[in-house]
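Inspection log for the structure reproduced underneath, given as structure tokens.
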Amino acid sequence: MLIYKIFRADEWAQLTEAGETAGAPVDVADGFVHFSTAETVAETAARHFAGEDALVLVACESEAMGEALRWEPSRGGALFPHLYRPMRFDDVAWSAPLPLVDGLHRFPEGLA
């Protein structure tokens, strides 16, 4: 199953250059890397990245992350994937720009 992480341009650059990341400041503070599912990624973008442009949407295969990935309750009791190790560039299945169009994030076709 694909899970999704939204990166700001500088966070994405850090991952691509260093090969791994502890995530955004909120991830570091919480002690895990936050991910979203296909069903929740648009709401994540609206809640946590409203009005931000130059974002990158990253898809990762959840099964490849093994036991370091835990599904835990979050918004409204829904289960969200949390990665309890640094995210590695090798975890990335694909990435795509997540542009801001007329105030809303435009997701790749088939998502959101």
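Where a number appears in this text, it was derived from the coordinates with a stated rule and is not lab data. Fair warning: this is a prediction, and the values are worked out from it, not measured in the lab. Using ideal geometry, Cβ is built from the backbone for each residue, glycine included, and neighbour counts are taken over all protein chains shown.
Points to keep in mind about this one:
- The chain: calculated mean residue ellipticity at 222 nm from DSSP helix runs of at least 4, using -39500 (n - 2.57): -5500 deg cm²/dmol
- Gaussian network model of the chain, Cα within-10 Å springs - most flexible of A59, A68, A24: A68
- Put a dot 7 Å past the Cα of D10, heading toward its Cβ, do the same for E67, and the two dots end up 3.7 nm apart.
- Largest GNM mean-square fluctuation across L55, L79, L98, computed for the chain with C-alpha springs under 10 Å, falls on L79.
- Taking packing as the residue-averaged number of other Cβ atoms within 10 angstrom, the listed peptides 43-54, 80-91 run from highest to lowest as 80-91, 43-54.
- Between the stretch 52-85 and the stretch 17-45, the alpha-carbon center distance in angstrom: 7
- Paramagnetic reach from F89 (point 7 Å along Cα→Cβ, amide N under 17 Å) across the stretch 1-35: 7-23
- Its alpha carbons considered, the stretch 2-95 gives a radius of gyration followed by a Dmax of 12.3, 36 Å.
- In a fully extended conformation the segment linking A18 and D30 would gain 2.2 nm over its present Cα-Cα distance, using 0.36 nm per residue.
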